[in-house]
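The values are calculated or read from the model by the stated rules, or taken from the named source; none is laboratory data. A quick note: this is a predicted structure, and the numbers were derived from the prediction, not measured. Counting neighbours? That spans all protein chains shown, and the Cβs are built from the backbone with ideal geometry, glycine included.
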Amino acid sequence: MKKGGVPLLLSIIFLTLIGGEGTPTMRNRRCSCITTSQRTIQLKFLKDLKQFAPNSSCEKIEIM
């Protein structure tokens, strides 16, 4: 490797390591509770229905 290639390679490695440090990670990919509703929902508007148990992001049972 030429003398000019070593500093370039080290610079690329350094910038890659520094760039990854500030990358945010999502621990929970589900939505947090914004609002709740007691309204009746018409079944024809539902495509999929999922129920999630209470957890750290929402203390209520989530039905989406």
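Within segment 37-64, the set of residues being exposed (fewer than 10 other Cβ atoms within 10 Å of the Cβ) and of a type outside the set (A, V, I, L, M, F, W, C) comprises S37, Q38, R39, T40, Q42, K44, K47, D48, K50, Q51, S56, E59.
Matching residues to (1) within 14 Å of M64 (Cβ to Cβ); (2) assigned to a loop (DSSP other than H, G, I, E, B); (3) out of contact with any Gly (no Cβ under 6 Å at 6 or more places or on another chain); (4) modelled with pLDDT under 70:
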position	(1), (2), (3), (4)
K3	no, yes, yes, yes
P7	no, no, yes, no
S11	no, no, yes, no
L17	no, no, yes, no
P24	no, yes, yes, yes
I34	yes, yes, yes, yes
R39	no, yes, yes, no
